[in-house]
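Beneath this line is the structure, given in structure tokens, with notes to follow.
The values are calculated or read from the model by the stated rules, or taken from the named source; none is laboratory data. Note that the coordinates shown come from a computational prediction; the quantities given were computed from them, not determined experimentally. Note: ideal-geometry Cβ built from the backbone for every residue, glycine included; neighbour counts use all protein chains shown.
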Amino acid sequence: MRTWNTGAAWLRAAPAYRRAAAHANLRRMKSFLVANPKGGVGKSTLATNLAGYFAKSGRRVMLGDIDRQQSSREWLRIRPLAAPKIDTWDLDTDKPARPPKGTTHVVLDTPAGLHGKRLHQVLGMVDRVIVPLQPSLFDILATRDFLAALRGAKEMRNGIEIGIIGMRVDPRTRAAGELHRFLDHETLPVIGYLRDTQIYVQAAAHGLTLFDLPPSRAEKDLEQWQSLLAWIER
Ligand SMILES: Nc1ncnc2c1ncn2[C@@H]1O[C@H](COP(=O)(O)OP(=O)(O)O)[C@@H](O)[C@H]1O
Ligand SMILES: [Mg+2]
């Protein structure tokens with residue numbers, strides 16, 4: 001993980017928005033971008049649950065939302081006060097990202113169609129990119145192009161890592177087989193598969209995540225998260 005440290009050589013050579021972000025927080029901070037140009041693939045679901053995991057494990061987490069729909073931000077508004085705290089901050093990709101001092105983890109939710117200048121700007125803010133992918137031909141095709149664009153981005157030279165997650169995968173379907181075949185040809189790591197379940201939908205409706213539910217209710221899904229969390233925590 002990169003440190004957001006003012007003394008580092010990479011920072012002196014970094015663009016202004018990254019310098020500003022680093023000055024805003026001198027502590028070690030891990031930052032994750034959840035992105036895929038397709039809509040409805042589970043970006044907001046993944047981003048909110050990831051933030052929920054960090055909050056539950058006692059981290060000071062900020063959930064940023066650059067999606068015009070502001071799904072993650074709206075979700076935060078209905079999150080119960082008693083649930084482990086997740087904060088947000090004003091985030092505009094045209095201005096420097098300034099997560100407040102003391103933040104240990106940042107999760108950024110992004111809109112569909114993220115590409116070009118905006119993609120490069122948000123890549124400049126993060127250490128890792130998580131790409132949720134659903135098992136359908138159109139999703140696979142769109143994601144393949146997106147992964148190629150990511151790989152070619154100059155920001156990747158800063159050591160940003162990419163992880164892919166198969167979303168709403170029913171291992172018994174032919175579509176799941178196609179997804180597996182596609183991912184077999186990818187050189188990027190597949191960090192996990194999450195099944196299609198109403199648990200995510202129901203939890204979200206109450207401002208909650210898997211990690212806020214009694215473990216017995218989400219046992220199977222918490223198990224599916226283990227490989228993902230191992231990648232996130234290393
Ligand atoms: N693993 C899942 N199982 C069931 N429903 C899911 C799952 N992941 C996402 N969904 C649902 O699919 C829809 C789209 O997900 P969302 O996270 O909003 O996608 P995006 O942010 O990429 O547009 C939402 O209604 C969400 O609740
Ligand atoms: Mg969304």
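Observations on the structure shown:
- Counted residues, region 34-92 - those being buried (at least 22 other Cβ atoms within 10 Å of the Cβ) and part of a strand (DSSP E or B): 7
- Some residue of region 179-199 being modelled with pLDDT of 95 or more, aliphatic (A, V, I, L, M) and surrounded by 14 or more Cβ atoms within 10 Å (Cβ to Cβ): yes
- Filter pass, PHE32 being modelled with pLDDT of 85 or more, within 16 Å of ligand 1 (Cβ to nearest atom) and either under 22 Å from THR209 (Cα atoms) or acidic (Asp, Glu) (or both): yes
- Annotation: of all residues in region 93-108 being touching a Lys or Arg at 6+ places or on another chain (Cβ under 6 Å) and surrounded by fewer than 21 Cβ atoms within 10 Å (Cβ to Cβ), the one that is modelled with the highest pLDDT is THR104.
- Among the residues of this structure, ARG234 does not count as one that is among the basic types (Lys, Arg) and either farther than 29 Å from PRO99 by Cα or crowded, with 20+ Cβ neighbours inside 10 Å (or both).
- Test: residue in region 145-152 that is aliphatic (A, V, I, L, M) and surrounded by fewer than 17 Cβ atoms within 10 Å (Cβ to Cβ): yes
- Qualifying residue in region 178-192 (condition: under 18 Å from the mean Cα position of the chain (by Cα) and within 12 Å of ligand 1 (Cβ to nearest atom)): yes
- Test: LYS101 is basic (Lys, Arg) and closer than 23 Å to ASP196 by Cα: no
- PRO135 meets the conditions (1) away from ligand 2 (no atom under 16 Å from the Cβ); (2) within 25 Å of MET62 (Cβ to Cβ); (3) crowded, with 22+ Cβ neighbours inside 10 Å in every case but one. The failed one is (2).
Condition check ((1) of a type in the set (Asp, Glu); (2) on the phi > 0 side of the Ramachandran plot) across all residues:
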position	(1), (2)
LEU81	no, no
ILE86	no, no
GLY102	no, yes
ASP109	yes, no
LEU114	no, no
ILE130	no, no
SER136	no, no
LEU141	no, no
